[in-house]
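**Student:** Here you go, one structure.
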Amino acid sequence: MTSSTPTLRLERQLLRTGYTLVAGMDEVGRGALAGPVSVGVSVVDAATSTVPQGVKDSKLVPEPRRPDLARRVRRWALDGAVGHASPAEIDALGMTRALRLAGTRALAQLSVRPDVVILDGKHDWLSEPETVGLLGLLEPESAPTWHVVTQIKADMRCSSVAGASLLAKVERDAMMVDAARDHPVYGWEINKGYSAPDHLAAIAAHGACDLHRRSWKTFRDTGAVPAPTSDEE
């Protein structure tokens, strides 16, 4: 059974092989119906100490504790950041490319450049090549690349990935709470854009808005359309 307490075991193994900066990366919001998909990253090196007590995969941390633990992660890690891909970008690019875009944006915010990135799971969605540069946004020769190591359950096993998960979760949740003020009918301050019964009922009653991922099967099946603007009412 995998322990819910992450360690730096994998990070230190990578550092012993010659890497100097190891980044853990994790996503949140992949399964939501609304809002961005967000990717967190936290960077460690050989001098990084044991992760602060209580830091673990964000799904295992009670919501009230997450903001304080995220602040501790930022103090603990050498550097950390969160990148986002919008619902419109998810609709246009598909989820894998949107994840790559969000992850690249997170890495671009760092003040240091990691040598290797640990991804949760078994699929490397960060560095797969595209036919025309990076998402068509960069020329092939200028598209950044990183060495990627995938690890199943890295969000539970690796401190850097667990820290990244907390950073992403706290930032994305705050974005959804802010968005709820402009779109109060969907209950995003509670459901954070996921397919909770109240969210699905609001979509059925009011239609979808511009923060919904309208290419998703839920909206195709229900026939949900964008909610009317004030000019259309």
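**Student:** Where in segment 184-207 does the amide nitrogen come within less than 13 Å of the point 7 Å from the Cα of Asp178, taken along Cα to Cβ?
**Tutor:** Of the residues in segment 184-207, none has backbone N under 13 Å from the label point off Asp178.
**Student:** Starting at the first residue of segment 92-104, write each ³J(HN,Hα) from the Karplus equation 6.51 cos²θ - 1.76 cosθ + 1.60 with θ = phi - 60°, in whole Hz, x for Gly and Pro.
**Tutor:** Once θ is set to phi - 60°, the couplings for segment 92-104 become 6, 9, x, 5, 4, 5, 5, 4, 4, 5, 5, x, 5 Hz.
**Student:** Now a separate question. How much length, in nm to one decimal, is gained on full extension between Arg30 and Lys122, taken as 0.36 nm per residue of separation minus their Cα-Cα distance?
**Tutor:** Result for the pair: 31.6 nm of gain on full extension.
**Student:** Using alpha carbons only, how many angstrom separate the centre of segment 1-62 from the centre of segment 142-219?
**Tutor:** Distance between centres, Cα-based: 18 Å.
**Student:** Using the Karplus equation 6.51 cos²θ - 1.76 cosθ + 1.60 (θ = phi - 60°), what ³J(HN,Hα) coupling, rounded to whole Hz, does each residue of segment 201-215 give in order, writing x for Gly and Pro?
**Tutor:** Couplings: 5, 5, 5, 5, 7, 10, x, 8, 10, 6, 9, 8, 8, 6, 7 Hz.
**Student:** OK, next. Once the Cβ-Cβ distance between Arg75 and Thr150 is put in as r, and R0 is 30 Å, what FRET efficiency do you end up with, to the nearest 0.05? Write out the running numbers ahead of the final one.
**Tutor:** On the way: r = 28 Å, r/R0 = 0.92.
For Arg75 and Thr150, the calculated efficiency is 0.60.
Readers should treat all values here as calculations from the given coordinates under stated rules, not as data from a laboratory. Quick caveat, the model's predicted, so the values are computed rather than measured. For neighbour counting, all protein chains shown are included, and Cβ atoms are generated from backbone atoms with ideal geometry for every residue, glycine included.
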